[in-house]
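The values are calculated or read from the model by the stated rules, or taken from the named source; none is laboratory data. Since the structure is predicted, the reported quantities are computational estimates derived from the model, not experimental observations. Cβ placement follows ideal geometry from the backbone for every residue including glycine, while neighbour counts extend to all protein chains displayed. SASA here: full protein model, heavy atoms, side chains in, ligands and nucleic acids out. Shrake-Rupley method; radii C 1.70, N 1.55, O 1.52, S 1.80 Å.
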Amino acid sequence: RPKVGGMSTTAVRVGLVAAVRAIRAGRPGVRASGPETRSSTILSPCHRRPRRDSRPSSAASGWFASASASSAAVAASPASPVDRNDPRFATEVEVLAVRAPRSAVGGLMAKLRRHTLARPRLNRVQHLDDDHSLVLLDAASCPVDGDRDALPPNVLDALASCGGTHECQLVTHRVILGYDDLEVDECLRRVLPADVTVPRGFETAGRIAHLNLRDEHEPWKRVIAAVLIDKLPQIETVVNKTGETGGPFRTFAMEVLAGRGGDGPLETTVSENGLVYDMDFRGMYWNSRLGTERARLVDSFDENDVVLDLCCGVGPIALPASKKCLAVYANDLNPAAVAYLERNARRNKGTSLAGVTNLDAGECLRMRIAEFETVARTRGESTFDEDEDLARTRFTRVVMNLPQGSLELLPCFVGAFDRETWPPEFLPVVDVYAFSKSDDPEADAGANCAKELGLEEDAAALGDVVGYRRVRLVAPGKHMMLVSFKLPERAAYAER
């Protein structure tokens with residue numbers, strides 16, 4: 001018989017039946033579907049026919065009456081709340097397979113590559129005892145109960161190419177899957193109660209997985225985390241957000257559910273847009289979902305731009321910008337973020353920052369303006385074309401990439417510029433991020449920017465040089481917006 005994981009399917013099936021019978025002895029109501037035939041299925045409290053949502057019920061089994069019961073049921077060791085040998089993970093599936101001589105398998109795999117069964121740690125080629133092998137096919141594109149003539153052309157061509165029915169045969173094959181063979185969501189469906197939703201997505205920061213679990217997940221949070229650690233080799237730590245993002249450094253409270261970290265720093269390394277960033281995930285703001293937006297913003301800069309990043313964090317905008325722009329000045333209020341920024345600048349070749357400060361955004365803006373004015377006075381009649389040092393100190397773009405707090409920083413621009421040393425044609429373009437729940441987020445975000453600059457609460461008050469981008473929908477009806485505008489003269493030269 002075909003072998004699975006070094007055991008024949010008969011041996012594995014006998015073991016599964018024995019396990020189910022042992023469970024059945026202690027829990028009434030377990031039934032089997034009759035004699036073992038190709039279509040037989042074993043039903044138990046831990047392995048029921050899938051519902052419409054393909055999720056087995058475990059609430060009826062009584063295995064998870066409480067959080068303490070769950071710990072007792074699934075604990076494999078003090079280090080992990082998941083027992084890999086838990087019979088709930090034992091799953092029998094039937095798939096189509098191509099039976100062929102072993103010598104033909106290499107050629108078959110090249111033709112069947114897109115349609116072979118893909119399961120973690122499960123070999124898609126099963127060797128038989130008669131010098132033949134089985135190439136297991138993907139159940140989605142090659143369903144067992146489907147029309148054989150409707151199989152993908154690649155599969156039909158592969159069958160025809162190796163000599164017809166005597167050499168290659170299309171057969172059905174039973175595979176017994178265990179914990180190691182299942183995907184994350186499949187494992188969680190088998191251990192979470194039927195009325196608890198399986199978490200669908202999470203953010204990663206290097207080797208850290210960041211969850212936003214609901215109240216319903218509280219009794220099962222460590223089981224969820226343990227499965228993620230087991231199944232995702234790139235993940236070493238799983239954290240759960242326990243508080244809202246806020247405070248002066250835009251951080252949030254979190255708990256470590258699995259892996260390293262405890263209550264101390266959660267240092268990790270993230271690769272983004274060709275650069276790498278070290279950071280303490282607990283101690284500073286980072287959102288991996290904004291990587292594409294950060295790249296788009298940097299792409300909008302040109303080689304003559306001088307960028308002032310007022311909320312730089314660990315450098316995901318400032319450092320890539322420094323590789324293409326004339327000069328980049330980076331600032332952040334969080335001293336720990338600034339320390340990592342400087343480390344990242346040393347680590348990434350080709351990056352060079354013209355200046356780094358750890359100041360309030362308004363204080364940094366005033367300092368950079370004063371610095372330019374000092375240089376301009378010493379240069380006399382020099383022009384930007386003649387004096388690169390002068391050009392490198394007058395910033396042309398100002399970036400504020402904190403969606404929740406950037407608008408509150410706009411008043412620092414009001415009356416900050418001198419018309420004589422900083423003429424209107426040299427006023428910078430401001431790139432500010434904000435949230436909007438309006439049906440017209442462009443008009444709403446623009447009006448809010450104008451209001452914070454001391455102008456009429458109307459997007460038109462920003463002038464003609466304005467651009468908007470809907471970055472992402474962070475919640476139903478809530479947009480993250482980018483507003484890019486040339487600083488209006490009325491705001492820049494206003495009386496303070």
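Annotations for the structure displayed:
Okay, residues lined up against (1) among the hydrophobic types (A, V, I, L, M, F, W, C); (2) more than 27 Å from Asn212 (Cα to Cα); (3) assigned to a strand (DSSP E or B):
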{"position": "Phe395", "(1), (2), (3)": "yes, yes, no"}
{"position": "Leu410", "(1), (2), (3)": "yes, yes, no"}
{"position": "Gly415", "(1), (2), (3)": "no, yes, no"}
{"position": "Val430", "(1), (2), (3)": "yes, yes, yes"}
{"position": "Asp444", "(1), (2), (3)": "no, yes, no"}
{"position": "Arg472", "(1), (2), (3)": "no, no, yes"}
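- Residue, farthest from the chain's Cα centre (by Cα), within segment 477-496, restricted to residues that are modelled with pLDDT of 95 or more, more than 16 Å from Pro428 (Cα to Cα) and open to solvent by 40 Å² or more (accessible area, probe 1.4 Å): Gly477
- For segment 154-205, the set of residues classified as open to solvent by 40 Å² or more (accessible area, probe 1.4 Å) and closer than 30 Å to Asp280 by Cα consists of Glu183, Asp185, Arg200, Gly201, Phe202, Thr204, listed by residue number.
- Some residue of segment 276-289 being assigned to a strand (DSSP E or B) and open to solvent by 40 Å² or more (accessible area, probe 1.4 Å): no
- Of all residues in segment 217-243, those satisfying the criterion of being outside any helix (DSSP H, G or I) and within 19 Å of the chain's Cα centre (by Cα) are Leu232, Pro233, Gln234, Ile235, Glu236, Thr237, Val238, Val239, Asn240, Lys241, Thr242.
- Residues satisfying the stated conditions in segment 212-225, i.e. open to solvent by 10 Å² or more (accessible area, probe 1.4 Å), within 14 Å of Val191 (Cα to Cα) and not charged (D, E, K, R): Pro219, Trp220, Val223
- Scanning segment 365-372 turns up no residue that is outside any strand (DSSP E or B), over 26 Å from Phe485 (Cα atoms) and free of Cβ contacts under 8 Å to residues at least 40 places away in the same chain.
- The requirement of being touching a residue at least 60 places away in the same chain (Cβ under 8 Å), surrounded by fewer than 19 Cβ atoms within 10 Å (Cβ to Cβ), acidic (Asp, Glu) and over 27 Å from Met481 (Cβ atoms) is satisfied by Asp230.
- Close pairs from segment 143-154: first β-branched (Val, Ile, Thr), partner at pLDDT 90 or above, Cβ under 8 Å, at least 6 apart: Val144/Glu94; Val144/Val95; Val144/Leu96; Val144/Thr172
- Test: residue in segment 75-96 that is part of a helix (DSSP H, G or I), exposed (fewer than 13 other Cβ atoms within 10 Å of the Cβ) and modelled with pLDDT under 90: no
- Boolean, Arg207 is within 23 Å of the chain's Cα centre (by Cα), modelled with pLDDT of 95 or more and under 30 Å from Asn273 (Cβ atoms): yes
- Segment 105-153 - residue that is of a type in the set (Gly, Ala, Ser) and within 23 Å of Leu182 (Cβ to Cβ) and, of those, nearest to the chain's Cα centre (by Cα): Ala118
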